[in-house]
1. Restricting to the stretch 1-32, what's the tally of residues that are of a type outside the set (Gly, Ala, Ser), outside any loop (DSSP other than H, G, I, E, B) and modelled with pLDDT of 90 or more?
2. Could you list all residues from the stretch 25-51 that are buried (at least 18 other Cβ atoms within 10 Å of the Cβ) and under 17 Å from Ile80 (Cα atoms)?
3. Answer with yes or no whether Leu62 is among the hydrophobic types (A, V, I, L, M, F, W, C), touching a helix residue (DSSP H, G or I) at 6+ places or on another chain (Cβ under 9 Å), surrounded by fewer than 16 Cβ atoms within 10 Å (Cβ to Cβ) and at pLDDT below 90.
4. Give me a count of the residues in the stretch 70-89 that are modelled with pLDDT under 85 and of a type in the set (Gly, Ala, Ser).
5. Quick one: how many residues across the stretch 33-56 are over 12 Å from the mean Cα position of the chain (by Cα), closer than 18 Å to Ser78 by Cβ and not in a loop (DSSP other than H, G, I, E, B)?
6. Tell me, please, whether a residue that is surrounded by 13 or more Cβ atoms within 10 Å (Cβ to Cβ), out of contact with any His (no Cβ under 7 Å at 6 or more places or on another chain) and at pLDDT 85 or above can be found in the stretch 90-103.
Amino acid sequence: MGITVLWDNPTCTIIRWQFDTAWTWDDVVKSEQLTRLMLGSVDHTVDIIWDLQRTIALPTPLSFALDERIECLAGTNSVILLTGSNRYIRTVIRALAAMNRSLGYKLGFVDTLEEAREMLAVP
């Protein structure tokens with residue numbers, strides 16, 4: 001499947017991207033498009049969780065992560081928390097975020113999905 005995008009709670013304040021072991025940048029584009037539709041259906045701030053617990057490595061080319069197509073995520077939500085990412089993924093994402101500041105300022109890293117939910121529940 002690649003990436004499953006769903007509301008993480010009944011109040012529609014968190015969107016979760018559930019990454020499978022294998023996914024592509026095309027999956028990211030499709031997920032971003034669905035996320036835009038979901039964000040447009042509510043009139044409040046929505047945070048995003050990227051659940052990377054099953055992901056071992058990022059697809060190539062990594063330069064895709066700098067593409068402006070995912071730039072919209074920086075302006076339409078409050079926080080993007082990445083859960084369960086390994087050291088390699090965290091390092092690469094931090095480096096890419098440094099080149100994409102509007103998105104990079106929104107990123108945070110936590111170990112578990114439960115930790116992400118707890119963090120987002122704090123006002």
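The values are calculated or read from the model by the stated rules, or taken from the named source; none is laboratory data. Since this is a predicted model, take the numbers as computed values, not measurements. Cβ atoms come from the backbone with ideal geometry, glycine included; neighbour counts cover every protein chain shown.
1. Taking the stretch 1-32 first, the residues of a type outside the set (Gly, Ala, Ser) are 1, 3-21, 23-30, 32.
Those left that are additionally outside any loop (DSSP other than H, G, I, E, B): 3-7, 14-19, 25-30, 32.
Narrowing further to those that are modelled with pLDDT of 90 or more: 3-7, 14-19, 27, 30.
Result for the stretch 1-32: 13.
2. Val28, Ser31, Glu32, Thr35, Leu39, Val46, Asp47, Ile48, Ile49, Trp50, Asp51, listed by residue number.
3. On the way: among the hydrophobic types (A, V, I, L, M, F, W, C): yes; touching a helix residue (DSSP H, G or I) at 6+ places or on another chain (Cβ under 9 Å): yes; surrounded by fewer than 16 Cβ atoms within 10 Å (Cβ to Cβ): yes; at pLDDT below 90: yes.
The answer is yes for Leu62.
4. 3
5. Going through the stretch 33-56 one residue at a time, the tally reaches 4.
6. Yes, the stretch 90-103 contains at least one residue that is surrounded by 13 or more Cβ atoms within 10 Å (Cβ to Cβ), out of contact with any His (no Cβ under 7 Å at 6 or more places or on another chain) and at pLDDT 85 or above.
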